[in-house]
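Step one of this worksheet: look at the structure below.
The values are calculated or read from the model by the stated rules, or taken from the named source; none is laboratory data. These numbers were taken from a predicted model, which means no experiment stands behind them. Ideal geometry is used to build each Cβ from the backbone, glycine not excepted, and the neighbour counts take in all protein chains shown.
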């Protein structure tokens, strides 16, 4: 029977830690996904307005296999500076691609979302210090959802966005999970029913009483387009190659597209990373194809998509009203 992991979050994947830095006054923040022993990394970018760092490195044809961390940040292009602090923090601890002589190059891909102008200053005071503080806070325990980390200043269409996470344990005992910062041009809520599009994916009552509400969506706030982007990380403890991890990242976008409509627009920079901590071997299935692990990759990708969709819903339900953005829980019932 399908079930979430113990924490129902990305930290259910062994070898993954998550740390948030939240500046509620600035209506912005940063999230770091930290893998002390490294993880096979891949990325799939489908939005037309991405803000990213070190994504070319993750191509299966390129040299480096392992990453030490992934940064998700508010602050748009300014938020990429937060990754500098993560790189320095890791280097001080000798974590990174070995360069010889005891030197390392920490591999820290990053993606940012647009939350400019949602705090008292148009540009939040994001910088390397935010990355360091998120690393200091990184832990393998429960993740604070909603107005936290990269989801602090997020807006999902016309309601408060946020940070969400969800996990699933497969019959093979492999763990799959997602962590998503929802700042979407499209809506997470079906305007006809007033409930999240993918509410039927709920596991073990995870959405609770808020998930049973049907609400009236407010109109989109005034302002121009290109102020969005949903970014996230899916992870598994399976042994994956970079090519297999890329396939999982691609499939995870299906969950994003089901839970946010429309997704991958010209105004979003939708980006999903995949991290494989390689703690458990992939099951092999005999068949007419030579790729004996193909079915296992299918199952991980399917679960990653479902986890991404559930994480998006949990982000919206956990968010609170702030900075002029009204949370789902404060909307008028239908």
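Here are the numbers:
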quantity	calculated
Enumeration of residues in region 90-115 that are touching a residue at least 40 places away in the same chain (Cβ under 8 Å) and part of a helix (DSSP H, G or I)	90
Region 62-88, residues that are assigned to a loop (DSSP other than H, G, I, E, B) and more than 23 Å from residue 245 (Cα to Cα)	74, 75
Neighbours by Cβ (under 6 Å, 6+ apart or cross-chain): first from region 218-230, on the phi > 0 side of the Ramachandran plot; second modelled with pLDDT under 75	none
Residue 240 vs. criteria surrounded by fewer than 21 Cβ atoms within 10 Å (Cβ to Cβ), part of a loop (DSSP other than H, G, I, E, B) and touching a residue at least 60 places away in the same chain (Cβ under 8 Å)	no
Any hit, region 134-148, residues being under 13 Å from residue 78 (Cβ atoms), touching a helix residue (DSSP H, G or I) at 6+ places or on another chain (Cβ under 9 Å), modelled with pLDDT of 95 or more and surrounded by 23 or more Cβ atoms within 10 Å (Cβ to Cβ)	no
Qualifying positions in region 318-332 - in contact with a strand residue (DSSP E or B) (Cβ under 8 Å, 6 or more places away or on another chain) and either part of a helix (DSSP H, G or I) or at pLDDT 95 or above (or both)	318, 319, 320, 321, 322, 325, 326, 327, 328, 331
In region 105-120, the residues that are surrounded by fewer than 19 Cβ atoms within 10 Å (Cβ to Cβ) and in contact with a strand residue (DSSP E or B) (Cβ under 9 Å, 6 or more places away or on another chain)	105
The lone exception for residue 262 - which of (1) modelled with pLDDT of 95 or more; (2) surrounded by fewer than 22 Cβ atoms within 10 Å (Cβ to Cβ); (3) over 20 Å from residue 190 (Cβ atoms) it fails	(3)
Search result, residues across region 45-60 that are touching a helix residue (DSSP H, G or I) at 6+ places or on another chain (Cβ under 9 Å) and either under 23 Å from residue 279 (Cα atoms) or surrounded by 24 or more Cβ atoms within 10 Å (Cβ to Cβ) (or both)	58, 59, 60
Meets criteria (under 30 Å from residue 283 (Cβ atoms), at pLDDT 95 or above and over 16 Å from the mean Cα position of the chain (by Cα)) for residue 177	no
Total residues in region 116-170, condition within 16 Å of the chain's Cα centre (by Cα), in a loop (DSSP other than H, G, I, E, B) and over 19 Å from residue 36 (Cα atoms)	8
Number of positions in region 189-217 that are in a loop (DSSP other than H, G, I, E, B), free of Cβ contacts under 8 Å to residues at least 12 places away in the same chain and over 18 Å from residue 258 (Cα atoms)	1
